[in-house]
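S.K.: The structure under discussion is supplied below as structure tokens; questions concerning it will follow.
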């Protein structure tokens, strides 16, 4: 087993304990596998740090509950930031146990903490994979819980997080209702 496979197995084992389920699988185990599939689709030559960051982006996410933070955007952003730190600490610990070198461990931690988004190509690659995973697997169900104006704002925020190449690819790969496609174009035109 390669070092990457060893860490994947450890992440999957941790996420298999998720008490929530979707399609008969633990939620975060399924999410990690979906992230890996999107990473292989978008970045088939990804190095170990990027591949592991993708697989472990939501490791044990259920342990830090959203409802333990204040309602609203500020509380949500604080929760996301704290989740990123937790995920980075957990994944880099697994990488260290598996025998990865310090550079790979630091790279994965930086990606999971989103340090250098829009400036560091690997951090941006992780964000592009996460956005593709959201669009492909979660946007449809999520859209049914939002009013149309809020949904457009959320799609615009998602598009803003993506690299220009990923936005173009998303528009080409995902059929979107005109209003949502327009949100992607607005961000692209403003960029």
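Quick note: the coordinates plus some simple rules give every number you see, no bench work behind them. Because the structure is predicted, anything quoted here is derived from the model rather than measured. Methodologically, a virtual Cβ is constructed for each residue, glycine included, from the backbone with ideal geometry; neighbour enumeration extends over all protein chains shown.
S.K.: At 222 nm, what helix-only mean residue ellipticity would the chain give, in deg cm²/dmol to the nearest 500, using -39500 (n - 2.57) for each DSSP H run of four or more?
M.R.: Helices in the chain give a 222 nm mean residue ellipticity of -22000 deg cm²/dmol.
S.K.: Next up: With an 8 Å cut-off on Cα pairs and a minimum separation of 6 or more residues, tell me the relative contact order of the range 3-121 in percent.
M.R.: Relative contact order here is 27 percent.
S.K.: Right, next: Over the chain, with a Gaussian network built from C-alpha contacts below 10 Å, which listed residue (107, 51, 78) shows the highest mean-square fluctuation?
M.R.: Comparing 107, 51, 78 in the GNM, the peak value goes to 78.
S.K.: Sorted from largest down, what three extents in whole angstroms do the Cα atoms of the range 103-167 have along their principal axes?
M.R.: Here the Cα extents, ordered largest to smallest, are 44, 19, 17 Å.
S.K.: The range 80-148 to the range 20-42: how many Å between their Cα centroids?
M.R.: Centre-to-centre distance over Cα atoms comes out at 13 Å.
S.K.: If we count other beta carbons within 10 Å of each Cβ, what is the order of 138, 69, 31, fewest first?
M.R.: On the way: 138 13, 69 16, 31 23.
So the residues, fewest neighbours to most, are 138, 69, 31.
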